[in-house]
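Asker: Below you'll find the structure I mean.
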């Protein structure tokens with residue numbers, strides 16, 4: 001996975017699961033989840049717990065940083081969608097993020 005997917009994180013997990021020919025129950029067991037919760041995650045009704053990312057990366061032999069990026073872009077995208085955020089607001093948010101980066105460089 002070198003480029004970020006245009007799917008929800010739950011859909012991405014389903015794609016991985018199907019590619020590796022795992023059933024919902026099999027993957028849920030490996031993640032210490034019950035299959036009902038995993039189904040809700042795959043269907044976008046529940047968020048994946050960020051603390052389980054290392055385990056998910058290990059199961060599918062994925063780069064953890066890339067997997068975390070996939071997760072974070074989905075979380076940010078969900079926030080943008082739920083708040084009906086405009087491009088202007090996103091631009092201001094990016095400027096604030098850049099300000100924080102510069103501020104942290106100066107204090108480091």
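The values are calculated or read from the model by the stated rules, or taken from the named source; none is laboratory data. Given the structure is predicted, the values throughout are model-derived calculations rather than measurements. Note: ideal-geometry Cβ built from the backbone for every residue, glycine included; neighbour counts use all protein chains shown.
Asker: Tell me the residue from 78, 6, 30 that is on the phi < 0 side of the Ramachandran plot, more than 11 Å from the chain's Cα centre (by Cα) and modelled with pLDDT under 95, please.
Answerer: On inspection, the qualifying residue turns out to be 6.
Asker: Of all residues in the range 23-40, which are outside any helix (DSSP H, G or I) and more than 18 Å from residue 54 (Cβ to Cβ)?
Answerer: 23, 34
One line per residue, one yes/no per condition, for (1) in contact (Cβ under 8 Å) with a residue 40 or more places away in the chain; (2) more than 22 Å from residue 97 (Cβ to Cβ); (3) surrounded by 13 or more Cβ atoms within 10 Å (Cβ to Cβ); (4) in contact with a strand residue (DSSP E or B) (Cβ under 6 Å, 6 or more places away or on another chain):
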{"residue": "16", "(1), (2), (3), (4)": "yes, yes, yes, no"}
{"residue": "27", "(1), (2), (3), (4)": "no, yes, yes, no"}
{"residue": "30", "(1), (2), (3), (4)": "no, yes, yes, no"}
{"residue": "42", "(1), (2), (3), (4)": "no, yes, yes, no"}
{"residue": "49", "(1), (2), (3), (4)": "no, yes, yes, no"}
{"residue": "57", "(1), (2), (3), (4)": "no, yes, yes, no"}
{"residue": "61", "(1), (2), (3), (4)": "no, yes, no, no"}
{"residue": "71", "(1), (2), (3), (4)": "yes, no, yes, no"}
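Asker: With respect to residue 52, is the statement that it is part of a helix (DSSP H, G or I), touching a helix residue (DSSP H, G or I) at 6+ places or on another chain (Cβ under 7 Å) and closer than 20 Å to residue 19 by Cβ true?
Answerer: no
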